[in-house]
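Peer 1: Below are the structure tokens for one structure; questions will follow.
The values are calculated or read from the model by the stated rules, or taken from the named source; none is laboratory data. This structure is a prediction, so every number in the text was calculated from the model and none was measured. Backbone-built Cβ (ideal geometry, glycine too); neighbour counts: all protein chains shown. Side chains included, ligands, DNA and RNA excluded: accessible areas come from the protein's heavy atoms. Shrake-Rupley method; radii C 1.70, N 1.55, O 1.52, S 1.80 Å.
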Amino acid sequence: MSLGGAATEQDGELVGKLFGAVGKTWKADEKLFDAVTGLSGSGPAYIYLTIEALADGGVTAGLPRELALGLASQTVIYSGLSISGCVPPVGPPLLVQSIRPVSQVLGAAAMAVQSGKHPGQLKDDVTSPGGTTIAGIHELEKNGFRGTLMNAVVAAAKRSQELSRK
């Protein structure tokens, strides 16, 4: 958050408490808000794109679509929980059906699990025509983001097969 010129420190404390009830808040100079938009405003779409790409990689490696989407979503949830310090960073993915989001990663992953919508649809739901999010997605796609994640899943599956033969 950034306090305007007429805002007092008490105003800032009140706003911090209000927003703190639903998530984490940071103070930043207003000149940084375009960068905040590029990261936090567009972040959920990037997470949906990640879930979709991981699931596509699972399908490419032979998993049924529904299983691949479920595993990809749970993997992102587990990663978000691990980042937030809620679970140890080792162990199998958790099968979480209902969580209180503690970060954008968890929020987006929980939405993917709980909404029943395909991650591509969720991404589209938060992507405005000509907006900041589609500009970021365009950059990811120009650089092969989804294909790279899909290739990573397939490569890991192939290596797992090789190691199981030893």
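Peer 1: With the checklist (1) open to solvent by 60 Å² or more (accessible area, probe 1.4 Å); (2) modelled with pLDDT of 75 or more; (3) of a type in the set (Lys, Arg) in hand, flag the one item Arg100 doesn't pass.
Peer 2: That leaves (2) as the condition not met.
Peer 1: Turning to a different aspect of this structure: Residue by residue through region 25-38, note down the ones that are part of a helix (DSSP H, G or I) and either at pLDDT 85 or above or loosely packed, with under 14 Cβ neighbours inside 10 Å (or both). Spell out the reasoning first.
Peer 2: Narrowing region 25-38 to residues part of a helix (DSSP H, G or I): 30-38.
Scanning region 25-38 gives Glu30, Lys31, Leu32, Asp34, Ala35.
Peer 1: Could you give every pair whose Cβ atoms fall below 7 Å, whose first residue belongs to region 7-26 and is over 22 Å from Ser40 (Cα atoms), and whose second residue is open to solvent by less than 100 Å² (accessible area, probe 1.4 Å) and modelled with pLDDT under 90, counting only separations of at least 6 or pairs across chains?
Peer 2: Taking only residues 6 or more apart or on different chains, the pairs are Asp11/Leu3.
Peer 1: Considering (1) open to solvent by less than 70 Å² (accessible area, probe 1.4 Å); (2) at pLDDT 80 or above; (3) part of a helix (DSSP H, G or I), say which one Thr127 fails and leave the rest.
Peer 2: It fails just one condition, (3).
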